[in-house]
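The values are calculated or read from the model by the stated rules, or taken from the named source; none is laboratory data. On a predicted model such as this, the values are computed, not experimentally measured, just so you know. Here Cβ is always computed from backbone atoms with ideal geometry, including for glycine, and neighbour counts include all displayed protein chains.
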Amino acid sequence: MSRLLTDISKQGMAIMLLALVTMIGSAAVTTAVAGQPETVRVTITAQQGFQFQPAEVEVPAGTKVVLEFENAGVMGHNLHIPELDVMTKTITAGGTDTVKFTVDEAGTYAFRCEVPGHAEAGMSGELKVL
Ligand SMILES: [Cu+2]
(Lines give C-alpha, C1' and ligand atoms only; values in the text may rest on other atoms or scores of the structure.)
Protein backbone atom coordinates (compact mmCIF):
# COMPACT_ATOMS: atom_id res chain seq x y z
CA MET A 1 0.00 0.00 0.00
CA SER A 2 2.72 2.44 0.95
CA ARG A 3 4.61 1.47 -2.20
CA LEU A 4 1.56 2.33 -4.28
CA LEU A 5 1.28 5.72 -2.59
CA THR A 6 4.93 6.39 -3.28
CA ASP A 7 4.42 5.56 -6.94
CA ILE A 8 1.43 7.86 -7.15
CA SER A 9 3.30 10.71 -5.53
CA LYS A 10 6.24 10.17 -7.89
CA GLN A 11 3.83 10.35 -10.77
CA GLY A 12 2.33 13.51 -9.29
CA MET A 13 5.77 15.06 -9.02
CA ALA A 14 6.49 14.16 -12.61
CA ILE A 15 3.26 15.82 -13.76
CA MET A 16 4.01 18.94 -11.71
CA LEU A 17 7.51 19.08 -13.13
CA LEU A 18 6.15 18.68 -16.65
CA ALA A 19 3.63 21.46 -16.03
CA LEU A 20 6.41 23.70 -14.70
CA VAL A 21 8.62 23.01 -17.72
CA THR A 22 5.68 23.69 -20.03
CA MET A 23 4.98 27.00 -18.27
CA ILE A 24 8.61 28.09 -18.48
CA GLY A 25 8.72 26.99 -22.10
CA SER A 26 5.67 28.98 -23.12
CA ALA A 27 6.91 32.02 -21.17
CA ALA A 28 10.15 31.92 -23.17
CA VAL A 29 8.23 31.64 -26.45
CA THR A 30 5.98 34.55 -25.46
CA THR A 31 9.01 36.72 -24.72
CA ALA A 32 10.61 35.86 -28.06
CA VAL A 33 7.41 36.73 -29.94
CA ALA A 34 6.96 39.96 -27.98
CA GLY A 35 10.48 41.01 -28.95
CA GLN A 36 9.75 40.69 -32.66
CA PRO A 37 7.88 43.14 -34.82
CA GLU A 38 4.44 41.87 -35.74
CA THR A 39 4.93 42.84 -39.36
CA VAL A 40 8.00 42.69 -41.51
CA ARG A 41 8.20 44.87 -44.61
CA VAL A 42 10.28 43.64 -47.50
CA THR A 43 10.88 45.35 -50.82
CA ILE A 44 12.07 43.37 -53.82
CA THR A 45 12.81 45.16 -57.06
CA ALA A 46 12.86 43.73 -60.55
CA GLN A 47 15.96 45.19 -62.17
CA GLN A 48 16.95 45.49 -65.78
CA GLY A 49 18.93 42.45 -66.87
CA PHE A 50 16.43 39.98 -65.39
CA GLN A 51 17.48 40.27 -61.75
CA PHE A 52 15.62 40.50 -58.47
CA GLN A 53 17.20 42.87 -55.98
CA PRO A 54 17.70 41.46 -53.42
CA ALA A 55 17.59 37.89 -54.70
CA GLU A 56 17.86 36.55 -51.17
CA VAL A 57 15.51 37.69 -48.45
CA GLU A 58 15.23 36.58 -44.82
CA VAL A 59 12.09 36.84 -42.72
CA PRO A 60 11.17 35.43 -39.31
CA ALA A 61 8.74 32.50 -39.16
CA GLY A 62 5.21 33.22 -37.99
CA THR A 63 5.43 36.95 -38.76
CA LYS A 64 3.22 38.77 -41.22
CA VAL A 65 5.27 39.69 -44.27
CA VAL A 66 4.29 42.70 -46.35
CA LEU A 67 6.15 42.21 -49.59
CA GLU A 68 6.30 45.20 -51.89
CA PHE A 69 7.36 44.32 -55.39
CA GLU A 70 8.65 47.13 -57.59
CA ASN A 71 9.46 47.05 -61.26
CA ALA A 72 12.57 49.07 -62.11
CA GLY A 73 13.03 47.23 -65.37
CA VAL A 74 11.57 47.93 -68.77
CA MET A 75 9.40 44.85 -69.28
CA GLY A 76 6.51 43.43 -67.31
CA HIS A 77 7.49 41.25 -64.35
CA ASN A 78 5.89 39.38 -61.50
CA LEU A 79 7.06 37.53 -58.41
CA HIS A 80 5.79 34.05 -57.62
CA ILE A 81 6.58 31.87 -54.60
CA PRO A 82 5.07 28.54 -55.75
CA GLU A 83 5.40 26.64 -52.47
CA LEU A 84 3.50 29.36 -50.61
CA ASP A 85 0.97 30.06 -53.34
CA VAL A 86 1.98 33.73 -53.23
CA MET A 87 2.02 35.72 -56.44
CA THR A 88 2.06 39.38 -57.38
CA LYS A 89 0.37 40.81 -60.43
CA THR A 90 2.48 41.20 -63.54
CA ILE A 91 3.43 44.86 -63.28
CA THR A 92 4.73 47.16 -65.97
CA ALA A 93 7.86 49.31 -65.69
CA GLY A 94 7.59 51.70 -62.76
CA GLY A 95 4.72 49.78 -61.22
CA THR A 96 4.35 48.21 -57.79
CA ASP A 97 2.25 45.47 -56.25
CA THR A 98 2.05 44.42 -52.62
CA VAL A 99 1.26 40.96 -51.30
CA LYS A 100 0.87 39.90 -47.67
CA PHE A 101 1.47 36.46 -46.25
CA THR A 102 2.71 34.61 -43.17
CA VAL A 103 4.99 31.58 -43.25
CA ASP A 104 4.88 29.46 -40.12
CA GLU A 105 7.35 26.84 -41.23
CA ALA A 106 11.04 27.70 -41.39
CA GLY A 107 12.74 26.82 -44.64
CA THR A 108 13.94 28.11 -47.97
CA TYR A 109 11.28 29.02 -50.49
CA ALA A 110 12.27 29.72 -54.07
CA PHE A 111 10.67 32.61 -55.93
CA ARG A 112 10.72 33.46 -59.62
CA CYS A 113 9.24 35.63 -62.33
CA GLU A 114 6.66 33.68 -64.30
CA VAL A 115 6.87 35.73 -67.49
CA PRO A 116 8.10 33.13 -70.02
CA GLY A 117 11.88 32.99 -70.20
CA HIS A 118 12.53 35.39 -67.31
CA ALA A 119 13.34 32.87 -64.56
CA GLU A 120 15.66 31.08 -66.97
CA ALA A 121 17.34 34.43 -67.74
CA GLY A 122 18.07 34.97 -64.04
CA MET A 123 14.87 36.15 -62.40
CA SER A 124 14.86 33.77 -59.47
CA GLY A 125 15.63 34.09 -55.80
CA GLU A 126 15.15 32.62 -52.35
CA LEU A 127 13.00 33.58 -49.40
CA LYS A 128 14.55 32.24 -46.22
CA VAL A 129 12.18 31.82 -43.32
CA LEU A 130 14.09 31.58 -40.04
CU1 LIG B 1 10.21 39.02 -65.33
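Annotations for the structure displayed:
- Per-region count, the stretch 114-130, residues touching an Asp or Glu at 6+ places or on another chain (Cβ under 8 Å) and within 8 Å of the ligand (Cβ to nearest atom): 0
- Output for the stretch 113-130, where each listed residue is without any contact (Cβ under 8 Å) to a residue 12 or more places away in the chain and surrounded by 15 or more Cβ atoms within 10 Å (Cβ to Cβ): Ala119
- Residue in the stretch 24-54 that is modelled with the highest pLDDT, counting only those that are in a loop (DSSP other than H, G, I, E, B) and away from the ligand (no atom under 13 Å from the Cβ): Pro54
- Filtered by the rule that a residue be assigned to a loop (DSSP other than H, G, I, E, B) and surrounded by fewer than 16 Cβ atoms within 10 Å (Cβ to Cβ), the stretch 61-76 gives Ala61, Gly62, Ala72, Val74, Met75.
- Apart from one condition, Met87 fits all of (1) within 18 Å of Val40 (Cα to Cα); (2) away from the ligand (no atom under 16 Å from the Cβ); the exception is (2).
- Thr102 falls short on exactly one of the conditions (1) within 14 Å of Gln53 (Cα to Cα); (2) more than 11 Å from the ligand (Cβ to nearest atom); (3) hydroxyl-bearing (Ser, Thr, Tyr), and that condition is (1).
- Hey, Leu79 crowded, with 16+ Cβ neighbours inside 10 Å and under 16 Å from Thr45 (Cβ atoms) or not: yes
- Residue match in the stretch 58-65 (condition: within 15 Å of Ala110 (Cα to Cα), more than 16 Å from the ligand (Cβ to nearest atom) and not polar (S, T, N, Q)): yes
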